[in-house]
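These notes are about the structure you will find just below.
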């Protein structure tokens, strides 16, 4: 990768807006995301965080605005100008999407190894031994014992399912990963383990990530940058520690001051 | 030429939850730090000493004025820099050591200390070896290195934080009470390392309450009371 390419953003959002009929989902979101950057999107439920994530990951078509993505060959493509199969290919290979509910991101009736291997097969891998070895390697990296490779995620705990979902997403070495409340619904101790894992993997692989969370502690631990959303609009953005330690907008001040001390 | 230069820096907090109360903290902060120089910020608590360090680090947003960081031919104004620029300056040039360690669950003391070097693309093995040497220097017992510091004593956590902050040899160092709650032995280690960094050409801004330590490391004292906004 040349340095010149490093200077170009991986993803550019310009004026992203989504109306559901007359109801606003998200209005005029614009930002740039660079390789290796982790951006948190925070705000209360209904603030438009998830709509924004669905827009950015091309699961929902924007009512206005555009998303530019720098492809592996260095060219920049407008997501909604490319063909549907191309978008889906991108989603399967270059991107990852971690759902809050692992059931939505996993095939619950398929073995753990199969769940991880499936993504590899989607990019053309056919060698069974290599696929199984890669799956075993990734299970190890997310701290799932190899002895559980043939079990289905139905037999897994919530924390293990979430880690399996992460392995499934990362096995194709994506450049961008979307996460929707990745630690939501997990016990605090399980959360800590998952956060540490995510933090380590994202920095080792230099993956760019967009993490939606309502938990400011999660945002602080995982992200370099943060966007605060309210009523469908981005009301404040900047460095994570800057926005959390010196919030300017009334709503952000309210959010920060509402954290209960541990 | 100064490595770090503040001119007419002003900071006002607006507290929206208190009816938009405006809290002026600092006004017209101006000083420069040369490579190899250590400036001590002095003044009573509440005068805004820590706020100045936070402004330089980009942790607080600067309302007015300039905070120029010189890196070779490149000059970055932290007051107007993008998040990406600030992150890059922090990674390459700015070290910030506070009294408090922000420990990440499950990450070992050794890895916490080595992390800033790894971020600077130092090979992992080298980073770990240098982190180990630094921990040894700060008298952190080897049996603690592989443990996450969340359960360590206050003094141990602080020494790990110091080792982490002082290891990367940044050209600019910000020290916020680096010796608070340390014993005489470890205070001497801090003085030793800070002097070493000065000889290597680091520009340092420090808040030190201990008079002996301050006398041992600082070249110039800047009284922050001058900059405190009249309330």
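Taken together, the values in this text are just the output of simple stated rules run on the coordinates, not laboratory data. Please read all numbers here as calculations on a predicted model, not as lab measurements. Note that we place each Cβ from the backbone using ideal geometry, even for glycine, and neighbour counts take in every protein chain shown.
Ranked by the mean number of other Cβ atoms within 10 Å of their residues, highest first, the peptides B:41-47, B:167-173 come out as B:167-173, B:41-47.
When all alpha-carbon pairs of segment A:181-262 are counted, what percent fall beyond 20 Å? The calculated P(r) of segment A:181-262 puts 36 percent of pairs beyond 20 Å. With neighbours defined as other Cβ atoms within 10 Å of a residue's Cβ, the residues B:115, B:142 order from fewest to most as B:142, B:115. Mind pulling the angle between the C-alpha long axis of helix A:188-205 and the longest principal axis of chain A? Nearest 10 degrees, somewhere in 0 to 90. It is inclined by approximately 90 degrees. How big is the antiparallel share of DSSP beta bridges in chain B, given as a percent to the nearest 5? Restricted to chain B, the bridges split so that about 55 percent are antiparallel. Taking the C-alpha atoms only, the angle from helix A:112-122 to the longest principal axis of chain A is near 80 degrees. Using only the C-alpha atoms, the convex hull of segment A:146-212 corresponds to 96 Å³ per residue. For segment B:150-229, the calculated P(r) over all alpha carbon pairs, in 5 Å bins from 0 to the bin holding the longest distance, is 3, 14, 26, 25, 17, 9, 5, 1, 0 percent. DSSP finds beta bridges in chain A, and of those with both partners inside it, around 55 percent are antiparallel. Values of log10 I(q)/I(0) for segment A:104-173 across q = 0.15 Å⁻¹ run -0.38, by the Debye formula with one identical scatterer at each alpha carbon and no solvent. The spread of Cα positions in chain B, taken along each principal axis and listed from longest to shortest, comes to 50, 38, 37 Å. For peptide B:82-91, the mean count of partner chain Cβ atoms within 10 Å of a residue's Cβ comes to 4. For segment A:66-180, averaging the sequence separation of C-alpha pairs within contact (under 8 Å, six or more residues apart) and dividing by the residue count gives a relative contact order of 36 percent. Short-range pairs are left out: with C-alpha atoms under 8 Å and at least six residues apart, the relative contact order of segment B:30-127 is 15 percent. Note: segment A:114-258, Cα convex hull, 126 Å³ per residue. Shape of segment B:2-85 from the C-alpha gyration tensor: oblate (a/c of 1.5 or more and a/b not above b/c, with a ≥ b ≥ c the square roots of its eigenvalues). Computed from the C-beta positions of residue A:7 and residue A:125, the FRET efficiency with R₀ = 45 Å rounds to 0.90. With each run of n ≥ 4 DSSP H residues scored as -39500 (n - 2.57), what mean residue ellipticity at 222 nm is computed for chain B after dividing by its residue count and rounding to the nearest 500 deg cm²/dmol? Calculated mean residue ellipticity at 222 nm is -10500 deg cm²/dmol. Take each residue of peptide A:220-233, count the partner chain Cβ atoms within 10 Å of its Cβ, and average: the result is 1. For chain A, the square roots of the Cα gyration tensor eigenvalues, ordered a ≥ b ≥ c, give a/c of at least 1.5 with a/b no greater than b/c, which places it in the oblate category. The distance from the alpha carbon centre of segment B:78-112 to that of segment B:174-219 is 19 Å, rounded to a whole number. Just checking the listed ones, B:107, B:25, B:191: in the Gaussian network model of chain B with Cα springs under 10 Å, the one fluctuating most is B:107.
Among A:232, A:129, A:65, the largest mean-square fluctuation in a Gaussian network model of chain A, built with springs joining Cα atoms closer than 10 Å, belongs to A:129.
Summarising the strand pairing of the protein assembly as shown, around 55 percent of its internal DSSP beta bridges are antiparallel. A simple packing score, the average count of other Cβ atoms within 10 Å per residue, orders the peptides A:100-107, B:91-98, A:147-154 as B:91-98, A:100-107, A:147-154, with the highest score first. Extents of segment A:33-97, taken as max minus min of Cα coordinates on every principal axis and listed largest first, are 37, 28, 21 Å. Partner shielding of A:240-247 amounts to 5, given as the average count of beta-carbon atoms from other chains within 10 Å of each residue beta-carbon.
Specify the angular offset, from 0 to 90 degrees and rounded to the nearest 10, of the alpha carbon long axis of helix A:84-93 from the longest principal axis of the alpha carbons in chain A. So the inclination is approximately 70 degrees.
Ordering of B:218-226, B:152-160, A:79-87, B:48-56 by packing is B:48-56, B:152-160, B:218-226, A:79-87, highest average first (other Cβ atoms within 10 Å, averaged per residue). Projected onto planes of every orientation and averaged, the convex hull of the alpha-carbon atoms in segment B:77-203 covers 7.9 nm².
Taking every alpha-carbon pair within segment B:100-169, the share separated by more than 14 Å comes to 50 percent.
The C-alpha radius of gyration of the protein assembly as shown, expressed as a fraction of 2.2 N^0.38 Å, stands at 1.04. Note on chain B: with a GNM built from Cα contacts shorter than 10 Å, the maximum mean-square fluctuation among B:190, B:122, B:140 falls on B:122.
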